[in-house]
Amino acid sequence: MTDNDGFDFAVFAKKNKCESRRLKNSLIQQSERKENEYDGEARLETRLPTPAVLQEVLSAENVLFVLRCGCLTCKLTTRTPKEQDKQLAKEIAQSTTYQILFASLSLMGGTFAVRQLDIKATNYTIEETVDRIQSSPALRASLFGHILPYWRAAKCPHPIKGTMARPEEFSCVSEQTPRREYKCFGEQFAAQLRSAAWFVRVPSFRIDNMLRIFDECQNMPFIKQKTLNREKSGGGRRYFRFELHPSYCDEMLNVSLTGLGTWQQEV
């Protein structure tokens, strides 16, 4: 299961009918429509997952169902007693940080990784999860070793020196490599997790922080957005009118507050 650049975890999850797909679909379908003028049926950008939606979709019962998935990917990872899975599901359902991580893993087909990540020991954010995977060859081997037969190792871009007897270079997942490091899988998992996380990364606004600059892609809580029929000359900026969703709006801000936003067009 590959795309042009490597292994696609979402495609692999779909092929193996992983139960994470059900949670992914529920999350998207139950998220509120932004009702923007450019909305289309198939666009993820048209949906906004509110805290209430996350709480409902990522209930302990739904999370447990995914944890007990028996698909090819999940059944080959570390299995734990059902009672332990129940406790883990309960902790995920009760923590916003866990919810965001588990939702992001579901969106990119990576829920099989949740046990090895041992999120009960540390309250992992998305970036902490990525850092841990990229810094630990042993964790990568545990997570991705069983997937290797389903990917062409020749596509791996990481040269590794062989032994003294065979000093030529091999890929980091080659059978001839003294110790497989699975760097390619770690990088692709990290990239796909970051790419999926934007959907549940929704900023809140208060009366004292209306001007914001973000380093990462966000799912902005702008609803009923309409482009204004004017353009600032020479600046390449477009203007639009919107409302802030009440779930991500400070109580001191009026729910029907009208904003004026700009964005820079690519040329």
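Miscellaneous remarks
- Selection of first residues in segment 187-203 that are under 13 Å from LEU27 (Cβ atoms) and at pLDDT 90 or above and of second residues that are part of a loop (DSSP other than H, G, I, E, B) and among the polar types (S, T, N, Q), restricted to Cβ pairs under 8 Å at least 6 apart or on distinct chains, gives the following pairs, ordered by first then second residue: PHE199/ASN219; VAL200/ASN219; VAL202/GLN218; VAL202/ASN219.
- Whichever residue in segment 99-138 is within 12 Å of the chain's Cα centre (by Cα) and outside any helix (DSSP H, G or I) and, among such residues, is modelled with the lowest pLDDT: THR125
- Condition check for THR96: within 15 Å of the chain's Cα centre (by Cα), without any contact (Cβ under 8 Å) to a residue 60 or more places away in the chain and closer than 25 Å to GLN30 by Cα: yes
- Every residue from segment 204-226 that is charged (D, E, K, R) and in contact (Cβ under 8 Å) with a residue 60 or more places away in the chain: LYS224, LYS226
The values are calculated or read from the model by the stated rules, or taken from the named source; none is laboratory data. Computed from a predicted structure; not experimentally measured. Note: ideal-geometry Cβ built from the backbone for every residue, glycine included; neighbour counts use all protein chains shown.
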